[in-house]
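The values are calculated or read from the model by the stated rules, or taken from the named source; none is laboratory data. Since the model is a prediction, treat every value here as computed from it, not as a measurement. Here the Cβ positions follow ideal geometry from the backbone for every residue, glycine too, while neighbour counts run over all protein chains shown.
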Amino acid sequence: MFRRIAVHLDHGADCQRRIDFCLRVAKAHDAHLTGIYASYVAPGYFYDEAGLWVRSMDKAVQINEKARSALQKSFSQSAQDAGVAASWRQGEAGTPAECAARHARCSDMLVVGQANPQDPEAATGNDFVEQVLLSTGRPVMVLPLAGTFNTVGTRVVYCWDRGREAARALADAAPLLRHAAALQVLTLDEGADTRGDREIPFEDLAAYCSCHGFPQPEHEDRDTRDIDIGNAILTAAADFNADLIVMGAYGHSRMRELVMGGATRSLLKAMTAPVLFSH
C-alpha cells in the first residue's frame, strides 16, 4: 500500500483534476496526501519598461499570494470532504522542480501533470517533469493532459528491458500491482543493442510477480527497430486496454535521449494513460 502520496500543485488549469485523482488513490490506499505548491510567479504580469518593473513585480507577487491562499483552502477542503488526511508544503528557494522533488522525498509516490505549453498559469519552468523524474528519488506518476481516470492500476502494461530502471520500476509499482486484475509485460526489440540481456528468462520475472501477489503476467514482445518506441508502448497499452503504464525513466543517458530521442521523452510528449516512471 502507498501510505504517503504527494501531488504537485500550481495555478494551472489541470490542477484540480490532479487533486481529485490523488484523493481517489489516497482513499483507496488509506494514505496521507501531501500537496506540494511549486510555481513561479506567472511571467505574464511583468513589463519590459524599466520604470514599471518593480511595481509590476510587487503586483504579480500579491496576485500570486492571493491565488496560492485560495488554492490551499480549496485543497484542504477537498481533502476534508473526501475523508483523506492531508498536509500542505511549499518552498521559496530554488525552482519549482527542486521544490517538488525536495518535499516529495518523504512520500511513496509523487503525482504530476504532463507539461502543457499552452497553460502559462502553471508556471513551472522548462523541463519541469523531466527534472522531477531525475531528482526526486521516488516513483513519479504523470497524468496525461486529456482524459478522466476513474481507475488506475487495474490493467497494467509494464515495460521490461531487463535494465536497472525497469527492475526498480516493478518494485516501485508493487502497491498498485498487488491490486491489479491483469498485467502485461512488454518487451521491445530495438535491435542488437537489446540482445545482450536476453539470457535473463521471463520465467524469473513471472516467479517474482507470483511471490509478490501480482497477477500472472502475459508476455508481449514487439519489434521496434523501424518504429518509434513511444508509439509502440502506447499502441500496446491501447491494445491491452491498460489504465496504467509502468516503466523505468531515462534508462539511457539523458544526453543520448536529448540527441537521439528515447522512450521517456516520447511518452512525456504523447500520453494516453497515466505513466508511473521510476529512475
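Quick check, is THR187 more than 22 Å from THR272 (Cβ to Cβ), surrounded by 15 or more Cβ atoms within 10 Å (Cβ to Cβ), modelled with pLDDT under 95 and more than 20 Å from the chain's Cα centre (by Cα)?
Criteria not met by THR187.
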For this session: For the stretch 148-160, indicate whether the set of residues that are buried (at least 21 other Cβ atoms within 10 Å of the Cβ), on the phi > 0 side of the Ramachandran plot and in contact with a Leu (Cβ under 6 Å, 6 or more places away or on another chain) is non-empty.
Result: yes
Exercise. If HIS103 satisfies every condition in (1) modelled with pLDDT under 95; (2) surrounded by 14 or more Cβ atoms within 10 Å (Cβ to Cβ) but one, which is the exception?
Worked result: (1)
For this session: Scan the stretch 204-234 for residues that are free of Cβ contacts under 8 Å to residues at least 12 places away in the same chain and either assigned to a loop (DSSP other than H, G, I, E, B) or within 24 Å of the chain's Cα centre (by Cα) (or both) and jot them down.
Result: ASP226, ILE227
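Please verify whether the stretch 81-95 includes one or more residues that are in a loop (DSSP other than H, G, I, E, B), in contact with a Leu (Cβ under 8 Å, 6 or more places away or on another chain), at pLDDT 95 or above and surrounded by 15 or more Cβ atoms within 10 Å (Cβ to Cβ). Break it down into steps so the answer makes sense when it comes.
So in the stretch 81-95, the residues in a loop (DSSP other than H, G, I, E, B) come out as 83-85, 91-95.
If we keep only those that are in contact with a Leu (Cβ under 8 Å, 6 or more places away or on another chain) as well, we get 84-85.
Narrowing further to those that are at pLDDT 95 or above: 84-85.
Checking which are surrounded by 15 or more Cβ atoms within 10 Å (Cβ to Cβ) leaves us with 84.
Yes, because at least one residue in the stretch 81-95 is in a loop (DSSP other than H, G, I, E, B), in contact with a Leu (Cβ under 8 Å, 6 or more places away or on another chain), at pLDDT 95 or above and surrounded by 15 or more Cβ atoms within 10 Å (Cβ to Cβ).
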Seminar exercise, completed: Checked against (1) more than 26 Å from LEU267 (Cβ to Cβ); (2) in contact (Cβ under 8 Å) with a residue 24 or more places away in the chain, ILE63 satisfies every condition except (2)
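Taking the residues in the stretch 205-230 that are farther than 24 Å from MET1 by Cα and modelled with pLDDT of 90 or more as candidates, determine which candidate is surrounded by the most Cβ atoms within 10 Å (Cβ to Cβ). Give the derivation first.
The initial filter retains those residues of the stretch 205-230 that are farther than 24 Å from MET1 by Cα, namely 219-230.
Narrowing the set further to residues that are modelled with pLDDT of 90 or more leaves 219-221.
On the way: HIS219: 12, GLU220: 15, ASP221: 11.
Among residues in the stretch 205-230 that are farther than 24 Å from MET1 by Cα and modelled with pLDDT of 90 or more, the one surrounded by the most Cβ atoms within 10 Å (Cβ to Cβ) is GLU220.
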